[in-house]
Amino acid sequence: MEQTTPENPELTLQQVFILLEQQDFDQLKTSLSGLHPGQIAILLEAMPPSERKQLWELIPETLSADTLTFLHDEVRNSLIAKMPTEELVAAAEQMEVNDLAYIIEELPVPVRQTLEENLSDEILEHLENTLSFEEGTAGRLMSPDVITVRSDVSLGAVKRYLQLHEELPDYTDGLMVVDRGGIYQGKLLLNKVLTGHDDMLVRDAMNSQHHPIPASTSEHDIALFFEQANFVSAAVVDENNRLLGRITMDYVVAILRAEADHALMGRAGLDEEADLFAPIISSAKRRTVWLAINLVTAFLAAWVIGLYADTLEKIVALAVLMPIVASMGGIAGSQTLTLTIRGLALEQIGSGNSAWLARKEVLIGVINGLLWALVVAGIAWLWFGDSGISVIIAAAIIINLVAAAAAGIAIPLLLQRLRIDPALSGAVILTTVTDVVGFMSFLGLATQFLL
């Protein structure tokens with residue numbers, strides 16, 4: 001990411017609000033011109049609708065197209081809906097084809113048709129090629145902006161060839177080596193070009209171990225590929241190993257950010273692309289679905305408690321201690337669930353090690369269950385002076401912590417097998433399990449042995 005200059009220091013959110021309130025638009029426009037589009041996008045996403053509209057109109061035209069690509073879907077679509085056609089076309093023409101392909105599919109059909117009617121034939125051709133690949137694959141994310149060389153030329157010739165370019169594409173750490181038919185052969189790193197002898201041939205200096213990425217590779221696998229290979233850029237090829245373009249590190253960072261947002265927001269049943277300052281009604285509708293799901297699970301837990309209403313009436317202390325059992329199980333289960341989801345995301349868990357991991361987590365549940373059962377039993381005895389209740393709550397905690405550990409690993413594995421995102425629905429299922437098992441074990445044991 002580019003750094004702001006001392007003449008244009010980084011603009012804070014508070015400064016933006018102050019300048020807007022003072023209507024000092026000239027100063028604000030000057031300050032915006034020194035920011036990276038990603039920084040401007042962050043400011044836009046932090047603005048209520050009216051102030052966001054004002055700020056968007058002050059963004060220099062040279063930055064508006066790139067700024068759109070950094071925005072979350074809902075925020076970007078809200079701005080595009082209010083842009084005049086000529087302004088939208090101008091922004092589209094400045095975008096990378098892969099960015100434009102992503103954005104254009106999110107647009108309402110009338111806006112998309114209008115945009116396609118006004119774009120040049122060259123851009124439309126590139127756009128059509130990009131859209132031929134499935135969304136979320138390397139073919140859709142790749143940039144065609146790549147410099148190629150042949151393996152039978154000298155490094156001296158490569159240097160002269162590079163000097164013909166006014167500038168190199170961003171994140172160019174090497175040149176892609178292809179044959180006459182465009183078949184990918186390897187990567188010639190720039191440090192080899194600079195340090196190698198001019199008479200050395202490319203085939204002797206290139207790295208054939210810089211493996212390409214198939215165009216059908218998913219976003220998630222692309223991120224893993226870059227993490228394992230420590231690349232700045234990587235070639236993208238078709239099924240015949242023909243070079244199509246390249247993926248660069250900036251897109252991998254965007255993938256990782258999206259996955260992190262998805263995991264965080266998904267645990268609350270929210271869309272990572274949601275606008276923090278979206279209209280009240282649409283935000284309320286989005287959250288209602290998750291609240292309804294939670295209500296069903298809450299009634300299930302309440303139903304279990306209702307089964308032991310007579311026991312609670314006779315031993316009031318059980319009602320006081322009951323949340324402790326469910327809470328301890330919930331925390332223990334969440335720890336296992338989080339680790340399992342992370343392991344699945346990094347492809348560290350498979351059929352060969354899942355059973356071992358399950359045994360480990362259950363044993364951890366047993367150890368922690370025994371430890372905290374003693375602690376809670378001691379507190380319960382000091383509080384109520386009843387050894388029977390102390391023993392019952394100790395047993396219930398052990399049972400619930402073991403069940404929580406087993407559920408924490410079993411739930412995400414099962415959801416993944418059913419092709420359901422564990423990050424989105426795992427937490428609510430786990431909470432239901434720990435509440436039901438906790439209440440049933442505690443109240444069930446109390447009913448059996450204390451009445």
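Rule-based calculations on the coordinates, nothing more; no lab input. Only a predicted model underlies this, so the values are computations on that prediction, with no experimental measurement involved. Note: ideal-geometry Cβ built from the backbone for every residue, glycine included; neighbour counts use all protein chains shown.
Let me spell out the model: positive unit charges on the Cβ of Lys and Arg, negative unit charges on the Cβ of Asp and Glu, origin at the Cα centre of the stretch 318-451. What dipole size does that give, in debye rounded to 20?
Here the stretch 318-451 has a charge dipole of around 280 debye.
Roughly how tilted is helix 61-70, in degrees to the nearest 10 and between 0 and 90, from the longest Cα axis of the chain?
Computed tilt is about 40 degrees.
Magnitude of the Cβ-charge dipole of the chain, K/R +1 and D/E -1, about the Cα centre, nearest 20 debye?
That gives the chain a dipole magnitude of about 2380 debye.
Just grab the label-to-label distance for HIS220 and ALA292, each label 7 Å out from Cα along the Cβ direction, in nm (one decimal).
Simple spin-label model gives 2.7 nm for this pair.
Multiply the residue gap between GLU128 and GLN448 by 0.36 nm, knock off their C-alpha separation, and tell me the result in nm, one decimal place.
Length difference between fully extended and current span is 108.2 nm.
Rank-order 407-417, 165-175 by packing density, defined as the average count of other C-beta atoms within 10 Å over each peptide's residues, highest first.
Ranked by mean Cβ neighbours within 10 Å, highest first: 407-417, 165-175.
Listed highest first by mean packing, meaning other Cβ atoms within 10 Å per residue, what order do 87-96, 118-127, 67-76 come in?
67-76, 87-96, 118-127
Stretched out fully, how many nm does the piece from ASP24 to ARG112 gain, at 0.36 nm a residue minus the Cα gap?
Going from the current span to full extension adds 28.2 nm.
For the stretch 280-450, what does the alpha-carbon gyration tensor say about shape, rounded, prolate or oblate, given a ≥ b ≥ c as the root eigenvalues, a/c under 1.5 as rounded, and a/b over b/c as prolate?
Here the stretch 280-450 falls in the oblate category.
Assign unit charges at the C-beta atoms only (+1 for Lys and Arg, -1 for Asp and Glu), then state the dipole size of the stretch 148-249 relative to its Cα centre in Debye, rounded to the nearest 20.
I would put it at about 300 debye.
Compute the angle between helix 354-384 and the longest alpha-carbon principal axis of the chain, please, reported from 0 to 90 degrees and rounded to the nearest 10.
On a 0 to 90 degree scale, this one is about 40.
With the cut-off at 1.5 for a/c, could you classify the stretch 148-249 from its C-alpha gyration tensor as rounded, prolate or oblate?
Verdict is prolate for the stretch 148-249.
Given a Förster radius of 51 Å and the C-beta distance between LYS53 and SER387 as r, what FRET efficiency does 1/(1 + (r/R0)^6) yield to the nearest 0.05?
0.15
Tell me which lysines have Cα within less than 26 Å of LYS82's Cα, excluding those fewer than 8 residues away on the same chain?
By straight Cα distance, LYS82 reaches LYS29, LYS53, LYS285.
State the Cα centre-to-centre distance between the stretch 58-124 and the stretch 303-333 in whole Å.
About 55 Å separates the Cα centre of the stretch 58-124 from the one of the stretch 303-333.
Output the 0 to 90 degree angle, nearest 10, between the alpha-carbon long axis of helix 316-345 and the longest principal axis computed from the alpha carbons of the chain.
Helix 316-345 sits roughly 30 degrees off the main axis of the chain.
Work out from phi, with θ = phi - 60° and the Karplus expression 6.51 cos²θ - 1.76 cosθ + 1.60, the ³J(HN,Hα) of each residue of the stretch 219-225, listed in order in whole Hz, and give x for Gly and Pro.
Once θ is set to phi - 60°, the couplings for the stretch 219-225 become 4, 4, 5, 4, 4, 5, 4 Hz.
Given the chain, what percent of its DSSP beta bridges are antiparallel, to the nearest 5?
Bridges in the chain are about 80 percent antiparallel.
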